[in-house]
Each structure stands twice: as C-alpha cells, then as structure tokens.
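The values are calculated or read from the model by the stated rules, or taken from the named source; none is laboratory data. Just so it is clear, the structure is predicted and the values come from calculations on it, not from any experiment. No Cβ is skipped: glycine too gets one built from the backbone with ideal geometry, and neighbour counts run over all protein chains shown. Note: accessible area is taken over every heavy atom of the protein model, side chains too, but ligands, DNA and RNA are not part of it. Shrake-Rupley method; radii C 1.70, N 1.55, O 1.52, S 1.80 Å.
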Amino acid sequence: MRFNIIFLAAFLFINPLTNQFNYRKYRPAPKIKLPSKIKKSFKEKKNFYFYRSVITGQKWGLDKKLKKRLSHLNLMHLMTPSGLHLSSLFLIFFLIRRRFKRPTQFIELVMCFIFYFFLPGYYSFRRIALLRSFFILNDIRKTNYTKMQIFIFFLITDFLFGTYRFGHLSFYLSTLFLALIFSIKDFRVYKMYLLFFVAQLFIAHKFSGVIYPASVILSPLLTSLFTLVYPILFLNLFFIKIWNYSEVLIIIYTKLVEFCFNIANSIGFIHVNFLILIGIIIYTRKSKNYSFALITIGLISDFPRDGLQIILNEIGIGL
C-alpha cells in the first residue's frame, strides 16, 4: 500500500488550504430548530443538547466537560451530521437491498442526488452522498469500475464542480479519511487502526499539537458504536414525544465516553512533531528500525513546535 503518499500530500497542502480559505463563499449549514416539545421530552437539558447536536449540527449548549472529552478522543466530528451519519442511516437500505434491490437503489440514488445538489452546508454529508451515487450507478450500469477508480472520479468531480470551493478544510479532512479507506486492498482491523491513527497525528500536528495514544483504540470503538446507535436516535425523532428512548441511549453513551476519557487521560498524551510523523510513515513501509529511531527522537525533542507551551495549554496553563 502506498498510502504514505496521501499523508505527505495532505501535510504539504493543509496549510495553504486552511490559510487561504475564502469565507465569503462559505455556505454554513442551515440552522434547524427542533420543536420545543422535543426539548420538553428530555428530563435533562444536556441530553437534549447532545441529541440536537447529532441531528442538526448545532453545538451550542453542549456540556463543556463533554466537549472536552470528545475533543481529546477525536470524536467531535460525531456532533455534526457528516458522511459517517449518512452512511449510518443508509444501513437501512443495506438491510432491504437483497430483497428489493432495484427499487431500493433507485430511492437511494434519488436521495443522494437531492442531498448533494440541494442541501446547503453539511459538506461531508453531501460528499458521501455523491460518492454513494457513483457506486450505485456503477452497479446499475454494470460498468465494473474499481473502487479506487470511482473514488478518483468522485474526488475530481467534487474538487472541480462541487463542494471544495465552499469548504476547503472540510474537503481536506474528508479526502484524508476516505483515501485511507480506499487505499486498503485487503481489509485488516489493525491496518485500519494504524491508518486512522496516522491521520489523527496529522490533524493533531496541525491543530492541537498533542494526541492521546489511547485514542488509537478507543476512538474507533466509540465511533463504531455511534454508527450503530445513530439510526435509532434519528428514527426516534418522529415519535420522540410519545416515547423518548434516546435519552437512555445518550446517557449510556456519554458515560462510556467519560470512562474512555479517564483511561486516555490516565495514560497521558504525546507532543506530535514532524519527526514522529515521518517515523510513522516509514513504519508503514516496514522499515521499523529507522521509524522507531525517529519516533524516539521526536518524543524527546520539541522540533519544530514549542512543545512546552502546547503541553501547558493542554493542562490548562496558558503562557
């Protein structure tokens, strides 16, 4: 697998993408207001704010401690409808596709086109809709394109004519994680964990400068669990005034997030620098001796960032 090229390209291009962003073209997601009766169906406001966030993407009102835990575990993306949420909802189509394949494909295709062309904001959500529509068309027309070919065509289409011009950073993050998935020829759990960990390293290097090693295992597990729970939470929206089971699920999930955060926090965090990134990339090329040497040097050095300031900020002490 030559996914190290993806990481290097991502690292080189993330700065111009984020620094030259044109906010005049940015179209934020619509502010969807849930009916007041839905809020009243929750016994605790913090559970309602969590529910509203995963449904509409509005994060104001979220418990500050919960936001901190989600951030440290690299789970804040769960609080905004994205490709993960759309894929989770489309599990319903997967369950009925075998029995009613053609009607199901047609309905799914129409929904994907509607989401991509007419839904304002929610760029990650829309990109997955476009990608899914390409796979459906490939199956219907029996063109037999490979997954990588479809992904490249999707990438070019969205870059030239789609959502890239409205959200550069969102496009970068989606591309990074999708490219990881499509770069794997033979699926192995440990490979997925390694790839997503390296992606988290790049993101941490750009934004926070630190990463919790325990999140390598905990974050994918919590994300997978959320993927299974989200369709149940979404369906409850239509009869939540009669029976609100979502609050129980939210309480269980947030308690689990708190438990995982305590584990990650007890293990501690590491300062991410360029040497660690290069070491991980070399490790993916099976040159373990060189990679471990670079990672060791990276862990005890502060090049190229001010590691002391980052670490103090992480524990709440600003310079």
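Structural remarks
- Cα centroid separation, segment 30-56 to segment 218-257: 13 Å.
- Between the beta carbons of Phe239 and Lys65, assuming R0 = 22 Å, the FRET efficiency works out to 0.10 to the nearest 0.05.
- Computed lengthening from Lys40 to Leu256, 0.36 nm per intervening residue step minus Cα-Cα distance: 75.3 nm
- Ratio of Rg to Rh over segment 40-121 (Cα coordinates, Kirkwood Rh, two decimals): 1.09
- When Arg165, Arg97, Arg141, Arg126 are compared by accessible area of protein heavy atoms, the largest-first order is Arg141, Arg165, Arg97, Arg126, using a 1.4 Å probe.
- Applying 1/(1 + (r/R0)^6) with r as the Cβ-Cβ distance of Phe94 and Phe161 and R0 = 35 angstrom yields a FRET efficiency of 0.75.
- Residue-count net charge about Gln105 - beta-carbon cut-off 12 Å; Lys, Arg +1, Asp, Glu -1: +4
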